[in-house]
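Heads up, the thing below is written out as structure tokens.
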Amino acid sequence: MKTRPSEAVSQAVAEAVLGVPGVACLRPGLRGLLRASVTGPHSDGATAPRPSVLVTFGPGGTVSGLRVDVVVRARHQAARTAQAVRAAAAAAAAAPPEAVRVTVTGMV
């Protein structure tokens, strides 16, 4: 089975982000879960939450945008962890740091 480029980039970013100190997990935010429940079930009966890593490609197949949703461990500062996540995600996706948007969806 062949992996699509967006899946490969998403997987690489997810692995890099999960290695950042202070990251508990990747997770869609509550707003995304609520939106998925409002839009209703899909053909298989499940609702599709917003993905934790969303990749946007620009001309030539380069990564032009990257959104990452993370949950931060309570003993870590959310802003510093988000900065580290941004750097790790940019490196993993070969994207400029300014193309990466990190959202902290929770703390545990």
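The values are calculated or read from the model by the stated rules, or taken from the named source; none is laboratory data. All of these numbers come straight from a predicted model, not from anything done at the bench. Every residue, glycine as well, gets a Cβ built from its backbone with ideal geometry; the counts of neighbours run over all protein chains shown. Just so you know, the surface numbers come from the protein's heavy atoms only, side chains and all, with ligands and any DNA or RNA stripped out. Shrake-Rupley method; radii C 1.70, N 1.55, O 1.52, S 1.80 Å.
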Name the residues in the range 1-37 that are in a loop (DSSP other than H, G, I, E, B) and either modelled with pLDDT under 95 or surrounded by 17 or more Cβ atoms within 10 Å (Cβ to Cβ) (or both), would you?
Met1, Lys2, Thr3, Arg4, Val20, Gly22, Arg27, Pro28, Gly29
Please state which of the following conditions Gly65 fails to meet, knowing it meets all the rest: (1) in contact with a strand residue (DSSP E or B) (Cβ under 7 Å, 6 or more places away or on another chain); (2) assigned to a helix (DSSP H, G or I); (3) open to solvent by less than 40 Å² (accessible area, probe 1.4 Å).
(2)
Filter the range 68-81 for residues that are farther than 18 Å from Glu15 by Cβ and in a helix (DSSP H, G or I) and give the result.
Ala78, Ala79, Arg80
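Being surrounded by 16 or more Cβ atoms within 10 Å (Cβ to Cβ) and modelled with pLDDT of 90 or more is true for just one of Ala93, Ala74, Ala79, Ala87. Which residue is that?
Values: Ala74 fails: surrounded by 16 or more Cβ atoms within 10 Å (Cβ to Cβ); Ala79 fails: surrounded by 16 or more Cβ atoms within 10 Å (Cβ to Cβ); Ala87 fails: surrounded by 16 or more Cβ atoms within 10 Å (Cβ to Cβ).
None of the others qualify; the one that does is Ala93.
Of the residues in the range 85-108, how many are assigned to a helix (DSSP H, G or I) and either without any contact (Cβ under 8 Å) to a residue 40 or more places away in the chain or in contact with a Pro (Cβ under 7 Å, 6 or more places away or on another chain) (or both)? Break it down into steps so the answer makes sense when it comes.
Taking the range 85-108 as the starting set, the residues that turn out to be assigned to a helix (DSSP H, G or I) are 85-93, 97-99.
Checking which are either without any contact (Cβ under 8 Å) to a residue 40 or more places away in the chain or in contact with a Pro (Cβ under 7 Å, 6 or more places away or on another chain) (or both) leaves us with 86-87, 90, 97-99.
Total meeting the criteria: 6.
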